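For reference, the structure is listed below as structure tokens.
Taken together, the values in this text are just the output of simple stated rules run on the coordinates, not laboratory data. Since this is a predicted model, take the numbers as computed values, not measurements. Reconstructed Cβ throughout: ideal geometry from the backbone, glycine too, with neighbour counts over all protein chains shown.
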Amino acid sequence: MEETTITQTGSRNRMKFIMGGAMIVAAVIYLIVSSTQASAQYFLTIDELVARADEVADRDLRISGAVIGDSIEYDSKNLILTFDVAHVAGDNDELEAEGGLAAALNAAVMDPTRSRITVVYEGPIPDLLQNEAQAIMTGRLQGDGTFLADELLLKCPTKYEEAVPEQASDN
Amino acid sequence: MIANIGYSALVLTLLVSLYGIGAALLGLRKNRPALVDSARNAMLLTFPLLTLSALSIIYLLATNHFEVEYVASVTSRSMPMYLKVTALWGGQAGSLVFWSWLMSAFASAVTLRKWDRDREFLPWVIVVSLVTLAFFLALNIFVENPFTRLWALPSGQVIEKMLQPAGSSLYFPTDGRGLNPLLRHPGMIIHPPMLYLGFVSFVIPYAFAMAALITGRTDDRWIRLTRRWTLWAWMFLSLGLVLGGRWAYDVLGWGGYWGWDPVEIAAFMPWLTGTAFLHSVMIQEKRGMLKQWNMVLIILTYALVIFGTFLTRSGVLSSVHAFAQSAIGPLFFAFIGITFTASLSLLMQRWNVLKSKTQMTSMLSREALFLLNNLLFLGILVVCFWGVIFPLISELFTGQKVTVGPPFYERANGPLMAGLLLLMTIAPLSAWGRSTWQTLGRALWKPAVAALVVLVAVIVAGIHNIYALIGIFLASLVIAVTLYEYGRGIFARRKRHEGNLVIAFLNLTRRDPRRYGGYLVHISMAMLAIGIVGIEMFQTETQGTLSVGESLTLGRYDMVYEELAVFDAPDARNVARAVVSVYKDGEPVGELYPRRDFFYDSQQPMTIPGVRSTLADDFYVLLVDWEEISTNNATFKVYHNPLVKWMWLGSWVFVIGTLISAWPEKENSLVTKRSRQRVAAVVD
């Protein structure tokens with residue numbers, strides 16, 4: 001008699017813990033799913049961006065391209081930075097086929113037939129912004145065809161063996 | 001010459017490691033202790049050998065031996081000596097050697113302990129440690145050799161090879177390519193070794209866990225033996241993370257400290273499982289529960305440590321594009337895959353032996369709350385992991401690469417982290433075995449009143465952001481509860497006439513260093529939370545171009561542009577340094593010197609902010625641009641970062657707390673003290 005009560009409370013206890021655990025798991029899943037939906041950004045190459053300009057006009061995007069050094073302009077009064085980026089492959093195999101990231105970036109900048117886009121960014125000019133750097137930007141495509149970046153990450157694979165930590169900026 | 005010595009030492013260490021693995025296994029099989037002892041000596045030998053190898057690299061770096069490719073790739077003539085030396089971990093090949101070097105130091109330290117009571121663990125600890133070491137050595141020898149030299153072939157072509165090709169001669173570049181200026185910061189110099197120390201020292205508890213699984217000695221001996229290792233590992237890892245954040249704050253020039261990029265997350269993930277592990281082992285020690293779970297956690301931590309080493313040093317970057325930009329990628333994944341599968345299958349075999357006899361009874365008991373803490377840590381881990389692999393998953397299923405940025409991590413982790421803060425307020429007050437709302441409420445109400453007072457004060461001060469209020473309330477509740485716990489302990493001691501407050505406090509901590517050290521860590525986490533709330537929710541910024549004498553206003557601060565000087569510094573650097581006076585509420589509070597250094601050899605600028613840091617806020621000034629020659633006008637970007645100093649102060653509290661926790665415990669009576677000391681001597 002007494003034994004059954006103990007097992008009963010035991011299993012009731014077990015249920016309680018399983019329910020509690022399930023609730024936590026459900027909460028974590030909910031947080032992941034809803035946050036993914038809220039902050040997902042298409043990751044596009046410049047080619048894809050140009051091709052799908054209409055479709056992605058109102059979305060948060062993340063794009064990557066090669067910085068064209070000659071195009072860098074900085075209005076230091078208003079901290080408005082503009083520069084052009086050229087298409088580089090997004091796929092690692094394609095990059096390797098071009099001889100690695102450094103070579104691919106160089107080819108991108110040298111090749112005037114590649115699709116290009118102008119990026120506008122407001123803030124201090126990042127130290128790593130230079131010719132043939134890889135820029136990864138989040139932001140939106142504007143009506144005038146420029147890309148308004150609110151975050152700008154840069155890396156320069158040419159100069160150092162180590163891929164240098166990116167310089168980031170939030171606005 | 002030196003390169004050959006260094007390389008030979010590497011090869012020799014690999015051979016010694018392989019011998020050690022073989023001897024330990026054979027000694028076990030044939031039951032010959034002499035062979036195991038020989039394996040132990042082999043493990044001891046790895047450290048001096050790798051020291052020789054590491055010193056060779058350091059020598060080459062320090063003496064500008066640019067014919068060695070690694071030296072040319074990470075140093076240049078103009079770099080100061082300390083940077084040349086620390087360039088040992090400035091690039092991939094060197095940092096792998098550095099990793100192995102630390103690993104061998106830890107492995108040697110383990111072999112030096114007294115093994116009388118745990119003889120059966122020894123061969124397996126040797127095997128696991130040496131397998132790990134051998135993997136990294138093999139990477140260095142076969143894939144990422146730091147000693148390859150540049151050779152000029154008769155055809156004039158320059159190639160990279162370890163051994164001299166026929167007819168070639170050594171090629172000496174006139175200068176190296178140098179270390180990126182952005183990495184020339186004390187935080188960045190100490191940050192990798194700290195992370196590595198953390199990574200490496202987690203291998204030891206893992207080795208003991210595997211030894212326990214293999215030998216079937218599945219009591220909590222392995223946990224007691226490795227408790228201090230785990231704490232040290234954890235402390236170094238945490239320090240590595242904090243220093244990385246500090247570097248970002250000081251150098252990257254946007255007033256931020258953490259960007260949720262994959263490399264940061266890679267270092268953060270083992271920290272999460274490690275922290276969960278630190279908590280859940282206590283349940284095993286006190287209640288004999290969660291043995292399987294602890295095994296899972298340490299196995300996960302080990303896998304994440306190897307993964308973290310790979311991600312932080314493999315050139316894989318924010319782009320999420322590639323997990324295999326260098327040749328070592330697939331090797332790392334293979335190694336992680338093999339060790340992970342092997343560990344898990346071992347665990348499966350012992351699964352039933354590890355079943356605990358006791359059951360959790362009360363939802364509010366200490367062990368139940370610890371379990372909840374573990375779930376939350378793992379929840380954060382899953383969030384982070386999901387964020388890192390989401391681009392790959394989305395591409396696989398939809399053909400479209402979709403990424404998630406910092407907002408994802410903040411949104412998903414925010415509630416989980418708040419949950420952890422909440423647990424920190426309840427768990428220290430709950431009892432092992434059984435707690436009820438009544439007992440908890442009795443202990444909680446006084447600190448809760450204190451936290452409410454803080455909350456009301458903050459609201460009156462004009463802060464109405466609900467998330468900020470929740471964060472501040474929870475953080476102050478954690479601090480109040482923890483201080484209250486201290487107070488209760490001190491009060492009880494004072495009653496027993498143990499002298500003044502300070503002595504009572506010290507005695508209390510000495511009596512139970514683990515508990516009170518842990519409390520300090522809780523306080524530091526609350527301080528961290530306060531700093532994060534401050535900078536994340538209340539950062540403000542402005543910018544402007546000023547003529548000399550003009551001022552810029554941000555909140556209660558005014559900043560006046562005084563002057564700007566441009567000059568050459570001795571280490572091939574051009575410096576533009578501005579002087580600005582800062583006023584708070586009209587009162588002068590000092591000068592700041594934001595500057596921009598331009599490094600001639602790398603043709604790269606580096607922006608260094610001027611920061612005035614107080615407990616209330618940081619006033620953070622960047623020099624953006626200036627008028628050449630006349631220097632009459634200069635443009636500044638200014639950030640106001642409230643409370644951020646709490647973060648850095650919190651990390652000091654954190655270190656002190658962890659050190660106290662790792663302190664050997666003091667016992668009551670002399671008899672047990674002596675016997676315990678013997679135990680402690682064995683443990684150490």
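Just a few scattered comments:
- Estimated purely from DSSP H runs of n ≥ 4, each contributing -39500 (n - 2.57), the mean residue ellipticity at 222 nm for the protein assembly as shown is -19000 deg cm²/dmol once divided by its residues.
- With contacts taken as Cα pairs under 8 Å at a separation of at least 6 residues, region B:538-645 carries a relative contact order of 26 percent.
- Its relative contact order, with pairs defined as Cα atoms under 8 Å and 6+ residues apart, puts chain B at 10 percent.
- At an R0 of 22 angstrom, the distance between the Cβ atoms of B:F567 and B:T542 translates into a FRET efficiency of 0.20.
- Cα-based shape type of region A:42-155, given that a ≥ b ≥ c are square roots of the gyration tensor eigenvalues and the cut on a/c is 1.5: oblate
- In terms of packing, defined here as the mean over residues of other Cβ atoms within 10 angstrom, the peptides B:214-226, A:117-129 line up highest first as A:117-129, B:214-226.
- Share, in percent, of DSSP beta bridges within the protein assembly as shown that are antiparallel, nearest 5: 95
- ³J(HN,Hα), Karplus 6.51/-1.76/1.60, whole Hz, each residue of region B:465-477, x for Gly, Pro: 5, 4, 5, 5, 5, 4, x, 5, 4, 4, 4, 6, 5
- Kirkwood hydrodynamic radius over Cα pairs of region B:1-179, then Stokes diffusion coefficient at 20 °C and 1.002 mPa s, in µm²/s: 124
- Peptides B:532-542, B:338-348 ranked from most to least packed give B:532-542, B:338-348, packing being the mean of other C-beta atoms within 10 angstrom over each peptide's residues.
- Residue (of B:P406, A:I136, B:T339) at the positive-pole extreme of the protein assembly as shown, dipole from beta-carbon charges: B:T339
- Neighbour net charge for B:V388 - beta-carbon separation under 13 angstrom, K R +1, D E -1: -2
- Global form of the protein assembly as shown, assessed from the alpha-carbon gyration tensor, a/c cut-off 1.5: oblate
- Total formal charge among the other residues, if their Cβ is under 12 angstrom from that of B:G433, Lys/Arg +1 and Asp/Glu -1: +3
- Calculated FRET efficiency, A:K16 to B:D512, Cβ-Cβ distance, R0 = 45 Å: about 0.90 to the nearest 0.05.
- If the chain linking B:T436 and B:R221 were pulled fully straight, counting 0.36 nm for each residue of separation and taking away their Cα-Cα distance, it would gain 74.2 nm.
- The mean number of Cβ atoms from other chains found within 10 Å of a Cβ in peptide A:124-131 is 6, as a whole number.
- Among B:Y600, B:Q539, B:V589 the positive-end extreme of the charge dipole of region B:538-645 (Cβ point charges): B:Q539
- Shielding by partners - mean other protein chain Cβ count within 10 Å, residues of B:398-408: 6
- Using the Stokes-Einstein relation with a Kirkwood hydrodynamic radius computed over Cα pairs, the translational diffusion coefficient of region B:183-408 at 20 °C and a viscosity of 1.002 mPa s comes to 114 µm²/s.
- Charged-residue dipole, Cβ positions (Lys, Arg, Asp, Glu), the protein assembly as shown about Cα centre, Debye nearest 20: 6160
- Reciprocal mean inverse distance between Cα atoms of chain B - Kirkwood radius, Å: 27.9
- Region B:399-435 versus region B:1-63: alpha-carbon centroid distance in Å: 43
- Span from the region B:468-508 Cα centroid across to the region B:567-634 one, whole angstrom: 43
- Residue-span extension gain [B:T51 to B:I141] - 0.36 nm each, minus C-alpha spacing: 30.8 nm
- Applying both filters, DSSP loop and at most 14 other Cβ atoms within 10 Å, to the trypsin sites (Lys or Arg not before Pro) of region B:1-72 gives B:K30.
- In plain terms, the chain from B:K286 to B:L452 could stretch by 56.4 nm, reckoned as 0.36 nm per residue minus the Cα-Cα distance.
- Electrostatic tally near A:G143: other residues with Cβ closer than 15 Å to its Cβ, Lys and Arg +1, Asp and Glu -1, net -2.
- Using θ = phi - 60° in the Karplus curve 6.51 cos²θ - 1.76 cosθ + 1.60, the 3J(HN,Hα) couplings for region B:33-50 round to x, 4, 5, 4, 4, 5, 4, 5, 5, 4, 5, 5, 6, 4, 5, x, 5, 6 Hz; x is entered for Gly and Pro.
- For chain B, a simple Cβ point-charge model (Lys and Arg +1, Asp and Glu -1, everything else neutral) yields a dipole of about 4080 debye relative to the Cα centre.
- Backbone geometry of region B:520-526 corresponds, through the Karplus equation with coefficients 6.51, -1.76 and 1.60 at θ = phi - 60°, to 3J(HN,Hα) couplings of 4, 4, 4, 4, 5, 5, 5 Hz, x marking Gly and Pro.
- Shielding of A:40-46 by partner chains, average beta-carbon count, 10 Å: 5
- Calculated FRET value between B:I338 and B:W652, using beta carbons and R₀ = 51 Å, to 0.05: 0.80
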